[in-house]
Amino acid sequence: MRSLTLIGMSFCLVACALNEPKPQGTNAKKSEIVQRQLDLGIGYMRNGDYQRAKEKLNRALDIEPENGAVHATFGLIFQLEGEDKLAETYFINAIRFDPLSARVRNLYGAFLFAKKRDGEAIDQLLKASENRFYSNRPSVFENLGVAYNRVGDKSSAEAAFTRAVQLNPEQARALLELALLRFDERDYVTSRQYYRRHVAIAPKSPKALLLCTQLAKVFGQRDEEASCAEALEGIYPASSENREYQSERREFGN
């Protein structure tokens, strides 16, 4: 599920290439043509028409063979098609042609995370986070926090999620992860604060609903617990979070 979340986020990260400043001078027209082909390729990719997307991207590479954004988009398409070796080749080429691109390193980091190569993913995301002018920097820190969480480095995960929220107070995933971390630390007041900020801007996921039941139990809010438990069981009956809640109920006789 986490891997799919990061891949889904990648569509946005690639699309942000559309907002990059256009070059000036004699190469402007050529770059505009490349950008147009890239735009079309991303559009086809979003619609699941990978073959047409690749046709447009190949046209872009015919004009600019070393365009990092185009190589990165190829990498994402091949990742979605399950062609991991080819995807990685394109991601590596993208970094070689555009080593300072935070967008490219974020995409490659998401790819590495999906392949459970957590140490390498963290390395790429750390490099991406260094670009203070990258418009999706909050997402980089959020991804970094998720990766740190998976390797068990809770302190670094919390620092990354906190940075994401500092940069974007409505970074929904980071808010929920901070709520969960604070709950585990038994800082229930702060956990509830983060939880409330999260649910104010995001649909209630199984993870959020389970946390809701746990916080409600801590604060003695039986109606709130019952409401979240009902939603968890009704909307996500097959989720691991619902199974965990039902197991806790049986164990404690509630």
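Regarding ASP153, is this residue surrounded by 15 or more Cβ atoms within 10 Å (Cβ to Cβ), on the phi < 0 side of the Ramachandran plot and not hydrophobic (A, V, I, L, M, F, W, C)? It is true that ASP153 is surrounded by 15 or more Cβ atoms within 10 Å (Cβ to Cβ), on the phi < 0 side of the Ramachandran plot and not hydrophobic (A, V, I, L, M, F, W, C). Is it the case that ALA110 is in a helix (DSSP H, G or I), within 17 Å of TYR148 (Cα to Cα) and within 12 Å of the chain's Cα centre (by Cα)? For ALA110, the condition - in a helix (DSSP H, G or I), within 17 Å of TYR148 (Cα to Cα) and within 12 Å of the chain's Cα centre (by Cα) - is met.
For segment 64-92, a residue qualifies if it is more than 15 Å from ILE42 (Cβ to Cβ) and without any contact (Cβ under 8 Å) to a residue 24 or more places away in the chain, and the qualifying residues are PRO65, GLY82, GLU83, LYS85, LEU86, GLU88, THR89, PHE91, ILE92.
Being within 26 Å of GLY152 (Cα to Cα) and either buried (at least 23 other Cβ atoms within 10 Å of the Cβ) or not small (Gly, Ala, Ser) (or both) holds for only one residue in ASP62, ASP123, ASP98, and it is ASP123.
Computed from the coordinates by the stated procedures, all read-outs in this text should not be read as laboratory data. This structure is a prediction, so every number in the text was calculated from the model and none was measured. Counting neighbours? That spans all protein chains shown, and the Cβs are built from the backbone with ideal geometry, glycine included.
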